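Notes follow once the structure below has been shown.
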Amino acid sequence: MALESYWPEYLRELREFRALAGAEEPELTAAGAALRRAPDDFYTATLTDAGCARWERLLGLPVVHGGDLAQRRFRIMTRMNEQRPFTMARLGEMLRACAARRDSLWRWTGRTSC
């Protein structure tokens with residue numbers, strides 16, 4: 001990223017601003033690259049190392065040393081696709097148990113649609 005291209009002509013000529021650009025440009029380039037990589041971490045098929053580490057932490061997966069990125073992605077997808085033993089009635093029980101007062105946050109009506 002050419003930081004100097006955003007400045008007016010009179011600032012480009014000052015050596016202090018050229019030095020400032022030389023110091024800030026690598027940081028801005030790295031930040032821009034991280035920003036462009038961020039959408040890769042939205043999907044398990046395209047996770048980066050940082051994205052895998054985040055999902056492993058969220059899912060409580062142990063860190064396996066020496067595993068490549070494809071193996072880590074596979075472990076994450078496997079954990080995310082596990083079937084959970086939930087029914088609507090059980091979900092209602094769990095939500096009521098979390099509420100400070102019974103039925104204060106959510107009232108189970110037995111209907112499955114809104």
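The values are calculated or read from the model by the stated rules, or taken from the named source; none is laboratory data. Not measured: the values here are computed from a predicted model. Positions of Cβ are backbone-derived with ideal geometry, glycine not excepted, and every protein chain shown enters the neighbour counts. Accessible surface is based on the protein model in full, side chains and every heavy atom, while ligands, DNA and RNA are left aside. Shrake-Rupley method; radii C 1.70, N 1.55, O 1.52, S 1.80 Å.
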Take segment 37-74 and flag every residue that is within 14 Å of the chain's Cα centre (by Cα) and open to solvent by less than 50 Å² (accessible area, probe 1.4 Å). Ala38, Asp41, Thr44, Leu47, Thr48, Gly51, Cys52, Ala53, Glu56, Leu59
Select from segment 71-100 the residues that are under 18 Å from Ala38 (Cα atoms) and aliphatic (A, V, I, L, M) and list them in ascending order. Ile76
Those residues that are under 13 Å from Ile76 (Cβ atoms) and among the polar types (S, T, N, Q), I need them from segment 29-52; list them, please. Thr44, Thr46, Thr48
Quick one: how many residues across segment 23-33 are open to solvent by less than 60 Å² (accessible area, probe 1.4 Å) and either at pLDDT below 90 or among the charged types (D, E, K, R) (or both)? 1
What do you reckon, is Arg96 surrounded by 14 or more Cβ atoms within 10 Å (Cβ to Cβ) and not aliphatic (A, V, I, L, M)? yes
